[in-house]
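Read through the structure below, which is laid out as structure tokens, and then see the notes.
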Amino acid sequence: MGISYNEKSRSFKLDAKDTSYIMAVVDEENFLGHVYFGERIPDEDVNYLMRLEEPPFVPSKNNRDRMSFLDSFPTEYPTFGLGDFRESCLKVNTKSGMTAVGINYVSHKIYKGKPKLQGLPATFGSKEECTTLEITCVDKHLKLEVILIYTVFENLDAITRSVRIKNNSDEDIQLTRVLSACVDFDRMDMDVLTIHGSWARERHLNRRSVTYGKQAIGSTRGESSHQMNPFLAVMDKTSTEDDGEVYGFNFVYSGNFLAQAEGCQFDTTRVVMGINPEDFAWRLQPGEEFTAPEVVMIYSNEGIGKMSRTFHDLYRNHLIRGQYKDKKRPILINNWEATYFDFNTEKLLNIAKEASKLGVEMLVMDDGWFGNRNSDNCALGDWVVNEEKIQGGLKYLVDEVNKLGMKFGIWFEPEMISPDSDLYRAHPDWCIHIEGRVGTLCRNQYVLDLSRKEVRDYIYESLREILLSANIEYVKWDMNRQLSDVGNNILPAGCQREIWHRYVLGVYELMDRLTSEFPHILLENCSGGGARFDPGMLYYSPQIWASDNTDAIERLKIQHGTSMVYPVSAIGSHVSDCPNHTVGRVTPFETRGLVALSGTFGYELDVTRISQEDRDMIPKQIEMYHKYNDLIRKGDLYRIGNIFEKPQFDCVEYVAKDKSEVLVVYIQVLSRPNYHSRRIRLKGLQKDAYYRNEETNEVYSGAALMNAGILIKGLWGDFTGKLYHYIRV
Ligand code: GLA
């Protein structure tokens, strides 16, 4: 287990649970190459795989063909401009205008534990759980040091990577491209899986063949985005949910990113991931360092499902932090879809009173409580309670809610400023903007320049004042537009392109301050629904609002796609009213509850105005949540249905880690004439154990449930749902 270095073969072997990752130093010039990534193997020296004896020869033996070597060698961290024409990870702009970089191995160290990344979110693990390797490479010409950092998690098939660049020269060097990871796969017969979407339909799946050329996804929107998620997997073409080799990559970052699989001339595939080089630049002064965010690499030999479960375990145990990390979250009711901007103390208290009777545990006051925010046209930045709406003040409202036995949560959009706000009138230069150019509005708002300390401090203080003024136990942190017109009049011209990354670092700093000063507050991230559902955000908030689309059927797709990478415990999911506000669909209240169970669970409706029949169902749903949430939150997720491939139904299964219990959630999407039942096979059970169906008391072996299956009966009507709970006897 762990990491070893073999002096003789000059190879590094990284062993995670059932995974090996091997690199080797070759030639007199010390090129660092990638050798193997896949199922665990005992051998340390598999350097024969590097084809060094075939043409092209290594430079020390055949410098005449140096370029052929560089352009085919599986370089561990490729650099730009010297003859490797595939995608590179590092490129510079020197004082004299040169862009090329060439790095070679110099030294390494191996140690227990995992280092923090300065100012950045990252996975963490103890000395017992992790081993780290730091490989130092140097470009002697530029006096640039490149430290490649790898950590293996010994009980998971997870390896993380990041990169630190240090300028040891005596002049400024501008970094114009710093990606965090590259893997050269010695094959091209693979599929690539990515996650795409838009507002209200986030994280749908897209699978296609790797082919010659670059298949890239990314964001240049300043956030990870609705459109593309910072995830990419390559896999056998035959890989399924349960079989085949899958390599998943996820970027622990919330800003611009690039993820790419490139089919190359010798039928190899180069996968890279990191900060999007588009419009990126970073000045490194002599002695300064730049740390690139972390990439998580997951290997699965049992299909896409196992990849997801490994991501979930890693993120639940080694990324998500805070008091709610392993806890059931309070069931909340949010007033957004209930009232939009039209609310006051009385309306909120009426909702809270009714909700508390039904078992709801927290009231969340959404957008509209501050400044003169009566529509989404104004007041962002004016974080002062509007006492015309919140009569009696915030403390009064919170105290009254607390008296009902409920917690209180509040909405903020700290990163934004409305042109029609007191803040903008006082500081028109505080938004990200290009001097003299009319800025692009979105939802009638601009983005605050969080690369500036005084702006961050001001915003933090205004949030802090509100949070200290009453017993607030939850914050929904929203971000409702993407970045454009990126510039300010503070940084020198040569550093203007740093704003993208400085902005993200600013957001992280604010969230760090908030979670450190208010550790009891449950932070839920949100970005126009789910535009910032990424591991960077999960480091600060244990849950993220998945989408503004609360329609139960659309949610099946969103939640399926989200669960590719992110644990169900993190997926913000609510029961809302019908016809659904986004798609107009009417689904049974019961089904909405079953779908929201596969998430944090809550309500987003005016409980005083729904039908008595629906209201009566709430206590039952809440009971269900309390009964099953531990299993759903902590268990292993098995996807049985695939709504993208078979839209007739969806089915997920949660199996307890000790396999003592299993919950099956089945949703019939489209009924089929004269088709009344469907057989589905369970997964992940103990073959030789017996399980009792809690409802019928029928007992079957795990082997029968997995191989023969269960019969879903009475398939009558669209959008109906069923729950099956089996307990090991
Ligand atoms: C975004 C969020 C919603 C709601 C509104 C308020 O769209 O995703 O949940 O908070 O903002 O303006």
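Structural remarks
- Distance from the range 469-506 to the range 388-404 (C-alpha centre basis), Å: 31
- Packing-based order for 349-356, 248-255, using average beta carbon neighbours within 10 Å, highest first: 248-255, 349-356
- As a length-normalised measure over Cα pairs under 8 Å and 6 or more apart, the relative contact order of the range 108-240 settles at 15 percent.
- When each of the peptides 257-265, 526-534 is scored by the mean number of other C-beta atoms lying within 10 Å of its residues, the order from highest to lowest reads 526-534, 257-265.
- Spin-label proximity, residue 387 to the range 465-506 - amide N less than 20 Å from point 7 Å beyond Cα toward beta carbon: 465-472
- Å² of accessible area per residue within the range 583-685, as computed with a 1.4 Å probe and no ligands counted: 41
- Annotation for the range 669-684 versus the range 256-270: alpha-carbon center distance of 39 Å.
- Within the range 7-24, backbone nitrogen closer than 20 Å to the virtual label 7 Å beyond the Cα of residue 106 toward Cβ: 11-12, 24
- Normalised contact order of the chain, rounded percent, pairs of Cα under 8 Å and 6 or more residues apart: 10
- Pairs beyond 26 Å (Cα-Cα), from 114/453; 353/395; 476/657: 114/453; 476/657
- A simple charge model with +1 on the Cβ of Lys and Arg, -1 on the Cβ of Asp and Glu and nothing else charged puts the dipole of the chain at about 1000 debye relative to its Cα centre.
- In summary, the aspartates and glutamates within cross-link reach of residue 13, defined as a Cα separation below 12 angstrom excluding same-chain residues under 8 places away, comprise 43, 44, 45.
- The range 649-728, accessible surface, carbon-and-sulfur percent (1.4 angstrom probe): 50
- Three-way shape label, the range 526-680, alpha-carbon gyration tensor, a/c 1.5: rounded
- Pairs from 237/659; 683/713; 557/627 whose Cα-Cα separation, in the structure shown, is over 23 Å: 237/659; 557/627
- Most positive-pole-ward Cα, 375, 426, 535, against dipole of the chain from beta carbon charges: 535
- The range 649-728 shape via C-alpha gyration tensor axes, a/c threshold 1.5: prolate
- When you count the other C-beta atoms within 10 angstrom of each residue and take the mean per peptide, 470-481, 418-429 line up highest first as 470-481, 418-429.
- Modelled label positions at residue 437 and residue 321, each set 7 Å beyond Cα in the direction of Cβ, lie 3.6 nm from each other.
- Remark: relative contact order (the range 552-609) = 43 percent; criterion is Cα-Cα distance under 8 angstrom and separation of 6 or more residues.
- Distance from the C-alpha centroid of the range 284-305 to that of the range 570-633: 37 Å, rounded to the whole angstrom.
- Projecting the Cα atoms of 665, 505, 257 onto the charge dipole of the chain, computed from C-beta unit charges around the Cα centre, puts 665 farthest toward the positive end.
- Per-residue extension of 0.36 nm, minus the Cα-Cα distance of residue 40 and residue 154, leaves a gain of 39.9 nm for this segment.
- Inter-site label distance for residue 657 and residue 444 at 7 Å from Cα along Cβ, in nm: 4.9
- Mean residue ellipticity, 222 nm, helices only, the chain: the sum of -39500 (n - 2.57) across DSSP H runs of n ≥ 4, divided by residue count and rounded to 500, is -6000 deg cm²/dmol.
- Shape of the range 3-318, Cα gyration tensor, a/c cut at 1.5: rounded
- Taking 19 Å as the straight-line reach from the Cα of residue 166, the aspartates and glutamates in range (excluding those fewer than 8 positions away in the same chain) are 76, 134, 139, 145, 288, 289, 294, 498.
- Carbon plus sulfur fraction of accessible area for the range 341-428, probe 1.4 Å, in percent: 47
- Folded to 0 to 90 degrees: helix 393-403 orientation relative to the chain principal axis, Cα: 70
- Estimated inter-spin distance, residue 30 and residue 17, nm [label 7 Å along Cα→Cβ]: 3.6
- Charge-dipole axis of the chain as Lys and Arg at +1 and Asp and Glu at -1 on Cβ define it, positive-most pick from 523, 49, 160: 49
The values are calculated or read from the model by the stated rules, or taken from the named source; none is laboratory data. Quantities reported herein were computed from a predicted structural model and do not represent experimental measurements. FYI the Cβ positions are ideal-geometry reconstructions off the backbone, even for glycines, and counts take in every protein chain you see. When the accessible area is computed, the model is the full protein with side chains, heavy atoms only, and any ligands, DNA or RNA have been set aside. Shrake-Rupley method; radii C 1.70, N 1.55, O 1.52, S 1.80 Å.
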